[in-house]
Amino acid sequence: MKTSPFEAASRSSLSSKAYFLIRERILRGQLRPGDVLSGRLLAEEFAMSHLPVSQALRQLENDKLMESRPRAGTRVRIPTAEEVRGRCIVREALEAQSARLCCMRAAMKERLDLLRMAEQLDTLYDRFGRDNDSELQFVVHTHHLELHMRIAEHARCPELKEALEMNQVLIYNWFFDVAAERRSLPQGFHVQLLQAITGSDPHAADEAMRFHVQYGVEATLQHIVPQSANDWRLRRSQDRHSTEKNVESPEPLSGEM
């Protein structure tokens with residue numbers, strides 16, 4: 001039977017909902033690299049059919065946040081060292097140019113707003129470093145993404161901002177930071193970056209962003225890459241109970257990134 005346009009739209013909406021629910025759990029650290037997911041159990045939890053959940057998992061796999069193998073299952077992706085370094089290279093190239101253009105083109109009010117956002121973000125990072133609260137962690141990374149996208153917005157190059165979004169540059173950084181359990185940064189880390197970006201020297205802004213992006217990459221590699229990429233069946237057995245426990249949670253997450 002041919003699917004009606006209404007049914008197709010409904011499935012697309014459910015697929016999008018499932019996609020953001022699962023992605024949020026990854027970005028919250030509730031699903032960690034190597035954790036195996038059951039499409040059937042997720043469909044039961046989300047009160048939807050298996051099809052939109054399968055579509056969501058495929059999209060997450062296309063986004064390189066999930067990976068699957070025949071007869072082994074689907075799990076949160078375990079990045080390789082080459083992948084982490086490669087994502088860093090892409091982020092550095094795009095964000096260094098974003099910082100340079102923002103330095104050249106941002107209005108005075110926009111510069112002051114960026115500095116204010118940086119101060120707020122550093123304050124949040126300081127609190128998170130002391131409290132290690134999972135909800136605060138999500139707030140910290142949300143503000144971090146917003147700050148960097150605002151820099152791109154004030155660069156006044158829509159194509160550059162689009163490239164940052166389409167390549168999910170900041171989502172991967174978020175994923176890596178959560179997976180590596182990074183809880184603190186040097187004091188005033190983002191204020192120092194924004195002081196360079198809101199200054200008068202585009203070259204200094206470029207260099208400051210490159211340093212900012214490269215900071216902590218090796219520490220991230222030490223935390224998330226050593227896991228074996230060939231332990232599918234072992235992790236599937238170990239994580240089955242954990243996955244079912246997550247599914248039985250009485251308060252499912254909601255909201256889009």
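The values are calculated or read from the model by the stated rules, or taken from the named source; none is laboratory data. Since the structure is predicted, the reported quantities are computational estimates derived from the model, not experimental observations. Every residue, glycine among them, receives a Cβ derived from its backbone with ideal geometry; neighbour counts consider all protein chains shown.
Of all residues in the stretch 103-130, those that are within 16 Å of Glu146 (Cα to Cα) and buried (at least 17 other Cβ atoms within 10 Å of the Cβ) have Cβ atoms under 6 Å from Cβ atoms of residues that are small (Gly, Ala, Ser) and modelled with pLDDT of 95 or more, 6 or more apart or on another chain, in Asp122/Gly188. Of the residues making up the stretch 77-100, those that are surrounded by 18 or more Cβ atoms within 10 Å (Cβ to Cβ), farther than 17 Å from Ala196 by Cα and among the basic types (Lys, Arg) number 3.
Being β-branched (Val, Ile, Thr), under 18 Å from Gln192 (Cβ atoms), modelled with pLDDT of 95 or more and out of contact with any strand residue (DSSP E or B) (no Cβ under 7 Å at 6 or more places or on another chain) is true of Thr123. In summary, helices (runs of 4 or more DSSP H) completely within the stretch 143-257 and bearing 1 or more residues that are at pLDDT below 90 and either charged (D, E, K, R) or over 17 Å from the mean Cα position of the chain (by Cα) (or both) occur at 217-224, 232-247. Evaluate the stretch 107-117: report whether one residue or more is over 20 Å from the mean Cα position of the chain (by Cα) and under 27 Å from Lys64 (Cα atoms). Scanning the stretch 107-117, I find no residue that is over 20 Å from the mean Cα position of the chain (by Cα) and under 27 Å from Lys64 (Cα atoms), so the answer is no.
With respect to the conditions (1) assigned to a loop (DSSP other than H, G, I, E, B); (2) under 16 Å from the mean Cα position of the chain (by Cα); (3) not hydrophobic (A, V, I, L, M, F, W, C), Arg71 lacks only one, and its number is (2). Output the number of residues of the stretch 36-76 satisfying the condition of being surrounded by fewer than 21 Cβ atoms within 10 Å (Cβ to Cβ) and in contact (Cβ under 8 Å) with a residue 40 or more places away in the chain. Number satisfying all stated conditions: 13.
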